[in-house]
Amino acid sequence: MEVPAEEAKLVATRALVIYEYDKPKSYDQDEEGIIDAYITQHRIGETGELLEGSPLTREMLLKICSLVMPTLGSADYIPDNVLVYSTERALMWWTPAAVRRLFISGIKGVTSGKYPVPPKLFLVLKGKLHTWALGENRRPDPSSAVFHSPFYNVYETGACCMGNIRVPDRFSPDSIAQWESVFFNGTLTSHLPPKLSGIEPEDFWKKIKGKKRFPVRYLRPYATLATIIKTISSQR
C-alpha cells in the first residue's frame, strides 16, 4: 500500500564522512591533482547521531550517484562517429567533409549559399558546444591534428557563441543530430572572425562559395585530439 504524498517525509538515514590529511596551506598537490582522502559511510540514529561507519564501496558510490544522475547506469548505442562519451558530462564526435547550405548575415561580401565544409570535430562539454576542424577526412585517432574552426562565431578555445539559440537539453549519442542542426542551421555573423592561415576571413569565405572541396591548407593548427581529450578529463 502506498503512503499518501502528504504523509510521506524525508528522513536522514545515512551520511558520508570524508577524511583528509591535515596539510599546511603551502602544500602542493601532484600534477594529477590527486587528493589523499578516505571516505566512510555511516547509518544515522533516531536522534540524528552518526552510528558505526564502514569504508565507502564502489557499489555504494554508484548507487549514490544514480540518485542525482538517473541516467548514469543507462546503456546507449555508440555510433562510429562518436569519439568520447562520458554520461552527463561530455560527448565528442566527428563529421566528414561535405557541401552544406549555410546562412550568413552581416559579413561584407559574403552571402548565404552552398559552401564546402571540412571534416569537423564537435564537443559538448557540460552542456556547451565546441567545434574545430580536422585535416583528414577520416575518423581521427589521438595523434590526429586538430585545427581552429574556419567558422565565424567560434572562440579561439573552440567554444561556440550560440547567442539566443536554444540548445538541446541533453548530450547523449542519440542527440547528435540535434546539436549539428543547431550549429549548421544557425546564422553566421561577423562576430568572432575565424583564425586562418595566410588569408583574411572575408576573402576566404568569398573564395570558397560554390566550390566542392574545402582547402585545408588555410586551416590554422590548434592541438592534437589527445590534448583536447586530456583537457576534458582534467575538468571536474
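Just one of (1) without any contact (Cβ under 8 Å) to a residue 24 or more places away in the chain; (2) of a type in the set (S, T, N, Q); (3) under 18 Å from S175 (Cα atoms) trips up S66, so point out which.
Among (1) without any contact (Cβ under 8 Å) to a residue 24 or more places away in the chain; (2) of a type in the set (S, T, N, Q); (3) under 18 Å from S175 (Cα atoms), the lone unmet condition for S66 is (3).
Just give me the residues in the range 143-164 being part of a loop (DSSP other than H, G, I, E, B) and in contact with a helix residue (DSSP H, G or I) (Cβ under 6 Å, 6 or more places away or on another chain), in sequence order.
The one that is part of a loop (DSSP other than H, G, I, E, B) and in contact with a helix residue (DSSP H, G or I) (Cβ under 6 Å, 6 or more places away or on another chain): S144.
What number of residues in the range 14-36 are surrounded by fewer than 11 Cβ atoms within 10 Å (Cβ to Cβ), over 23 Å from S233 (Cβ atoms) and modelled with pLDDT of 85 or more?
Result for the range 14-36: 1.
Residues of the range 198-236 being in a loop (DSSP other than H, G, I, E, B) and surrounded by 13 or more Cβ atoms within 10 Å (Cβ to Cβ), which ones?
I199, K209, F214, P215, R220, listed by residue number.
Within the range 167-186, is there a residue that is outside any loop (DSSP other than H, G, I, E, B), buried (at least 18 other Cβ atoms within 10 Å of the Cβ), in contact with a helix residue (DSSP H, G or I) (Cβ under 8 Å, 6 or more places away or on another chain) and not charged (D, E, K, R)?
no
Given (1) surrounded by fewer than 20 Cβ atoms within 10 Å (Cβ to Cβ); (2) out of contact with any helix residue (DSSP H, G or I) (no Cβ under 6 Å at 6 or more places or on another chain), where does G135 come up short, assuming only one miss?
Tallying (1) surrounded by fewer than 20 Cβ atoms within 10 Å (Cβ to Cβ); (2) out of contact with any helix residue (DSSP H, G or I) (no Cβ under 6 Å at 6 or more places or on another chain), G135 fails exactly one: (2).
What pairs come up if the first residue lies in the range 97-120 and is under 22 Å from F147 (Cα atoms), the second is modelled with pLDDT of 95 or more and among the acidic types (D, E), and their beta carbons are under 8 Å apart, counting only those six or more places apart or on different chains?
Here the result reads P119/E136, each pair linking the range 97-120 to a residue that is modelled with pLDDT of 95 or more and among the acidic types (D, E).
Please determine, by comparing only the residues of the range 77-111 that are exposed (fewer than 14 other Cβ atoms within 10 Å of the Cβ) and among the polar types (S, T, N, Q), which one is nearest to the chain's Cα centre (by Cα).
Only one residue tops the list, namely S86.
Can you tell me which residues in the range 47-65 are outside any strand (DSSP E or B) and of a type in the set (S, T, Y)?
Answer for the range 47-65, where residues must be outside any strand (DSSP E or B) and of a type in the set (S, T, Y): T47, T57.
Looking at (1) closer than 30 Å to T13 by Cα; (2) among the β-branched types (V, I, T); (3) not in a strand (DSSP E or B), find the lone condition where T111 falls short.
Condition (1) is where T111 drops out.
Given the residues I39, I44, which is the only one that is modelled with pLDDT of 55 or more, closer than 28 Å to T231 by Cβ and surrounded by 10 or more Cβ atoms within 10 Å (Cβ to Cβ)?
Residue meeting the stated conditions: I39.
The values are calculated or read from the model by the stated rules, or taken from the named source; none is laboratory data. What you see is a predicted model; the values in this text were computed from it and never measured. FYI the Cβ positions are ideal-geometry reconstructions off the backbone, even for glycines, and counts take in every protein chain you see.
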